[in-house]
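Here is the structure we will look at, set down as structure tokens.
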Amino acid sequence: MSDFGTKKAERDRVKDARRRAGYRNYLTGQAAEAAVMRAYLDRGMTVAHHRWRGKAGEIDLVLRDGAEVVFVEVKKSRSCEHASLHLLPRQIERLLRAGEEFVGSEPAGTLTPMRFDVALVDGQGGIQILENALGAY
């Protein structure tokens, strides 16, 4: 095999490995969101939307707790602490704008009671829910 063929084969192996890792991450993210959704349902909340997308961005879960709308960002990593490091200021701003966009279509508009939670999921499936985690922003 020529030097070109060897380099191409290596690039193809790397691309394939990245594709598999990306798909695995997608599936574990889906599983984390499903587990978090079950935890909220167990608390008596109802699911309004899963992966709601507006112009400002996507919100993993939109739930209702009576009149209150609860927006949930799910982060999964090997530990809850490590997962929390994946929520960056730029994403927080997008989440807040998306939430504002969502409640704009609610009957009470921006007067709708709402909060932003962050759900952290560790590698063993443990869930830590931080209620009103973005309340200070």
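State which residue is farthest from residue 93 (Cα to Cα) when the search covers only the stretch 41-81 and only residues that are of a type in the set (D, E, K, R) and buried (at least 17 other Cβ atoms within 10 Å of the Cβ). Lay out the reasoning, then the answer.
As a first pass, look at the stretch 41-81 and keep what is of a type in the set (D, E, K, R): 42-43, 51, 53, 55, 58, 60, 64-65, 68, 73, 75-76, 78, 81.
The next check asks that each one be buried (at least 17 other Cβ atoms within 10 Å of the Cβ); those that pass are 60, 73, 75-76.
On the way: 60: 15, 73: 12, 75: 16, 76: 20 Å.
Looking at residues that are of a type in the set (D, E, K, R) and buried (at least 17 other Cβ atoms within 10 Å of the Cβ), I get 76.
Take the residues in the stretch 102-129 that are out of contact with any helix residue (DSSP H, G or I) (no Cβ under 8 Å at 6 or more places or on another chain) and buried (at least 16 other Cβ atoms within 10 Å of the Cβ), then tell me which one is nearest to residue 33 (Cα to Cα).
Residues of the stretch 102-129 that are out of contact with any helix residue (DSSP H, G or I) (no Cβ under 8 Å at 6 or more places or on another chain), as a first pass: 102, 105-108, 111, 113, 115, 117, 123-124.
Restricting the remaining residues to those that are buried (at least 16 other Cβ atoms within 10 Å of the Cβ) gives 102, 115, 117.
On the way: 102: 19, 115: 18, 117: 13 Å.
Among those residues, the one meeting the criterion is 117.
For the subset of the stretch 82-93 comprising residues that are surrounded by fewer than 20 Cβ atoms within 10 Å (Cβ to Cβ) and among the hydrophobic types (A, V, I, L, M, F, W, C), which member is nearest to the chain's Cα centre (by Cα)? Give the steps one after another, and end with the answer.
Residues of the stretch 82-93 that are surrounded by fewer than 20 Cβ atoms within 10 Å (Cβ to Cβ), as a first pass: 82, 84-93.
Remaining after also requiring among the hydrophobic types (A, V, I, L, M, F, W, C): 85, 87-88, 92.
Details: 85: 13, 87: 9, 88: 12, 92: 11 Å.
If we take residues in the stretch 82-93 being surrounded by fewer than 20 Cβ atoms within 10 Å (Cβ to Cβ) and among the hydrophobic types (A, V, I, L, M, F, W, C), then 87 is nearest to the chain's Cα centre (by Cα).
Please state which of the following conditions residue 77 fails to meet, knowing it meets all the rest: (1) more than 24 Å from residue 97 (Cα to Cα); (2) modelled with pLDDT of 95 or more; (3) in contact with a helix residue (DSSP H, G or I) (Cβ under 9 Å, 6 or more places away or on another chain).
Just one mismatch for residue 77, condition (2).
Criterion first (outside any strand (DSSP E or B), touching an Asp or Glu at 6+ places or on another chain (Cβ under 7 Å) and crowded, with 16+ Cβ neighbours inside 10 Å) does residue 96 satisfy it? If you could, list the steps in order and put the result at the bottom.
Working: outside any strand (DSSP E or B): yes; touching an Asp or Glu at 6+ places or on another chain (Cβ under 7 Å): no; crowded, with 16+ Cβ neighbours inside 10 Å: yes.
Criteria not met by residue 96.
I'm checking my understanding of the structure. Among residues of the stretch 4-40 that are of a type in the set (Ser, Thr, Tyr) and surrounded by 11 or more Cβ atoms within 10 Å (Cβ to Cβ), which one is modelled with the highest pLDDT?
40
Test of understanding: among 17, 31, 9, 21, which residue is closer than 18 Å to residue 125 by Cβ, assigned to a helix (DSSP H, G or I) and out of contact with any helix residue (DSSP H, G or I) (no Cβ under 6 Å at 6 or more places or on another chain)? Steps first, answer last, please.
Working: 17 fails: closer than 18 Å to residue 125 by Cβ; 9 fails: closer than 18 Å to residue 125 by Cβ; 21 fails: closer than 18 Å to residue 125 by Cβ.
On inspection, the qualifying residue turns out to be 31.
The values are calculated or read from the model by the stated rules, or taken from the named source; none is laboratory data. None of the values given here were measured: they were computed from a predicted structure. Note: ideal-geometry Cβ built from the backbone for every residue, glycine included; neighbour counts use all protein chains shown.
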